[in-house]
Amino acid sequence: MTAPPPPLPVVDGLELPEPQRALLNPGGLLAGRDGETHRLPRYFYRIDSWEQALATPVSPNFGLWEFVDVDVREPAALRMFPRYVPTAVSLLAAALETFRGEVGMPVRIAANGGYRSPSHALSTGGSPHCWATAADIYRLGSEYLDTPARIERYGTIARRVLPFARVRPTGAAIGLADDHLHVDIGYVTAVPRGASERDDESPG
Ligand SMILES: [Zn+2]
């Protein structure tokens, strides 16, 4: 039996070098298409390699890599290691565990469907994906969520076991999911041990 990997280091996004700081905009405000404005996460876990992402569990059934798999729509500087993921990813994983327990099948998150930085090309409209608090689920076990009926069936379960989560309705209109189930727990920011929140360090 091998020892579990050590917890990932927590970093203050305000202390990151450029261009990562500018691209992540830690503690900055992000306006959404719904007219709401939200403050972006300030604290991140640092991931030093893809191997580390593969080897690091966030919860019993979710690995860190599943939340940080992005393509070229994420700026190159944020695809190079070390990479950074908001610490609230652990809360998202805990919520997804509840859902997984109910459906009794592996829950698969789409590429670009976990954490996306606010600089990601798909991060329009103030998406909670920029908080690492949203997941686009495209497959459950061997079943692809590619029809409105399947998405709605599992969306109903998600709403029942996660009553405070947002489960996006299905539909073909812009912003509505038609090949995955979007579940998010809102604009949650997490401040883990090791992260200081002094006023004179707070973002402007
Ligand atoms: Zn989504």
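None of the figures in this text is laboratory data; all of them are computed from the coordinates on show. Keep in mind that this is a model prediction, so the values were computed, not measured. We place every Cβ from the backbone using ideal geometry, glycine too, and count neighbours over all the protein chains shown.
In the chain, the longest principal axis of the Cα atoms and the axis of helix 89-103 are about 20 degrees apart. Summing +1 for each Lys or Arg and -1 for each Asp or Glu among the other residues whose beta-carbon sits under 14 angstrom from that of GLU74 gives +2. Available extension along the chain between ASP34 and ARG79 is 13.3 nm, counting 0.36 nm per residue and deducting the alpha carbon span. Summarising the overall dimensions of the range 52-164 from its C-alpha atoms, the Rg and Dmax are 14.0, 40 angstrom.
One way to sum up the overall shape of the chain is the equivalent ellipsoid from its Cα gyration tensor, whose semi-axes run 27, 20, 16 Å, largest first.
Remark: HIS182, HIS38 ranked as HIS38, HIS182, counting other beta-carbon atoms within 10 Å and listing the fewest first. Rounded to the nearest 10 degrees, the inclination of helix 148-161 to the longest alpha-carbon principal axis of the chain is 60 degrees. Fewest neighbouring Cβ atoms within 10 Å first, the residues ARG168, ARG100 line up as ARG168, ARG100.
Annotation: extensible slack from GLU152 through ASP179 equals 8.6 nm (criterion: 0.36 nm per residue apart, minus Cα-Cα distance).
At R0 = 22 Å, how high is the FRET efficiency between ARG46 and ARG166 if r is their beta carbon distance? Nearest 0.05 is fine. Mind showing how you got there, number by number?
Values: r = 28 Å, r/R0 = 1.29.
Calculated value: 0.20.
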